[in-house]
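Okay, so here's the structure we're looking at.
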Amino acid sequence: MGVAGYDLIRIPFHLGGLNPFAAIQSYGVFLAGAEYSNLYTDWLGLFYHMGNGIFFGIMFTMIMGINKGTAVMALVWALVIEGLAIVTVFGEVYHLRSNSTGMAVAFFAHLFYGAPLAWFAKSSSVRPLAVAGSALVAGIAVFSVWVLVRPPDGYLAPDGSHDLQMVEQGIHPRWSKIDLTDTFRIQNMTRETVVLEHPFSDRTLDSLDSGESIEFSFKKPGLYQIRAQRTDWRSVFVAVEKDGFVKPRAKGGKDDNE
C-alpha cells in the first residue's frame, strides 16, 4: 500500500507535464543490460520499484515493531529514504539535487508512502480483507503507472542507423544507453521542424527540419534529458556510460569528470 500511495499521488504531477516515473523505466534498462527501453524493461523496472518499496517497508516494521511511536516514525522513515536518495550518488546521477521541483514532489509523495505504512505497522493484526484490498490497490497503481509511461503509439525500436527517432506521436525510445565513445544520432521523421532542448547539459538547442538527422557526442558520462519544445511529447533520456558506469569510479580521490 505504501508504494501504491507513493505512485498514485504522483499521477497528477505526471499529467501536469512532469516526469516523476522516468527513473522507474531506467531501472529495467540497467537491470536487463538493454540498449534501449521496451515493454519488457519497463515491466522489469516496475517490479524492481515495487519490490524496493516493499522491502523498505518490511525493514521498517522489523526495526520498529509495534509501539506508540510507530505511526510518526513511519512518516519520518519515508522522508529519510528520500533524503538518503538525494544525498547519495542516486541524487547526483538522476539530477535530483539540481531539480528543486522534482525534489519537492519526491518528498511530498513519500509522505503517502509512509501513511499506509504507519497504518499497517501499528496494527497488531491485519484482516484478510484488508490484505486483499491492499493488493488490489497496489495492482491498480502498477498498471496505471505502466499505462502512463508507455509510449502512446507503442514501443518503437531504433532502426540501426539512428539512436532516436521522432515520429508524429513522440520520440523513441524513451530510454537509451550508449558508451561515451559512441556517436549519438537523432532523426526527425515528422512533417514539421522540431526544436530539441538539452536540460542538465551544456549543449544548445537543436533545430531539425522534417527528414533531417543530426549526430553528436557526449563530453562525459551521466544521464541526459532530451526534450522537444512540444507540450504533447514526453522527454526522453540517454544513459551515457564509461567503462560500464554512468558515474565513473573515482581515481586518486577525484572523480573522473573533474
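Does PHE143 fit the bill of being closer than 30 Å to GLY57 by Cβ, within 23 Å of the chain's Cα centre (by Cα) and not assigned by TED's automatic domain parsing to the domain that holds TYR94? Answer is no for this residue. Would you mind stating whether ILE58 is among the β-branched types (Val, Ile, Thr) and either touching a helix residue (DSSP H, G or I) at 6+ places or on another chain (Cβ under 7 Å) or at pLDDT 90 or above (or both)? No: the conditions fail for ILE58.
One line per residue, one yes/no per condition, for (1) assigned to a strand (DSSP E or B); (2) under 30 Å from GLY69 (Cβ atoms); (3) hydrophobic (A, V, I, L, M, F, W, C):
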site: VAL137; (1), (2), (3): no, yes, yes
site: LEU148; (1), (2), (3): no, no, yes
site: PRO151; (1), (2), (3): no, no, no
site: GLU192; (1), (2), (3): no, no, no
site: LYS220; (1), (2), (3): no, no, no
site: LEU223; (1), (2), (3): yes, no, yes
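Of the residues making up region 75-114, those that are aliphatic (A, V, I, L, M) and without any contact (Cβ under 8 Å) to a residue 12 or more places away in the chain are VAL80, LEU84, VAL87, LEU96, ALA104. If only residues of region 132-168 that are over 24 Å from PRO12 (Cβ atoms) and aliphatic (A, V, I, L, M) are counted, the one that is surrounded by the most Cβ atoms within 10 Å (Cβ to Cβ) is MET166. Quick one: in region 209-245, which of the residues that are over 14 Å from ARG185 (Cβ atoms) and hydroxyl-bearing (Ser, Thr, Tyr) is surrounded by the fewest Cβ atoms within 10 Å (Cβ to Cβ)? Checking each candidate, the answer is THR231. Among the residues of this structure, PHE60 does not count as one that is touching a His at 6+ places or on another chain (Cβ under 7 Å) and crowded, with 17+ Cβ neighbours inside 10 Å.
Residue by residue, here is whether (1) out of contact with any Gly (no Cβ under 9 Å at 6 or more places or on another chain); (2) in a helix (DSSP H, G or I); (3) not aliphatic (A, V, I, L, M) holds:
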position: ALA23; (1), (2), (3): no, yes, no
position: TYR27; (1), (2), (3): no, yes, yes
position: LEU31; (1), (2), (3): no, yes, no
position: LEU44; (1), (2), (3): no, yes, no
position: MET62; (1), (2), (3): yes, yes, no
position: ALA78; (1), (2), (3): no, yes, no
position: GLU82; (1), (2), (3): yes, yes, yes
position: PHE90; (1), (2), (3): yes, yes, yes
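Of the residues making up region 1-36, those that are crowded, with 19+ Cβ neighbours inside 10 Å, of a type in the set (D, E, K, R) and in contact with a strand residue (DSSP E or B) (Cβ under 7 Å, 6 or more places away or on another chain) number 0.
The values are calculated or read from the model by the stated rules, or taken from the named source; none is laboratory data. No experiment lies behind these values; they were computed from the predicted model shown. Cβ: placed from backbone, ideal geometry, glycine included. Neighbour counts: every protein chain shown.
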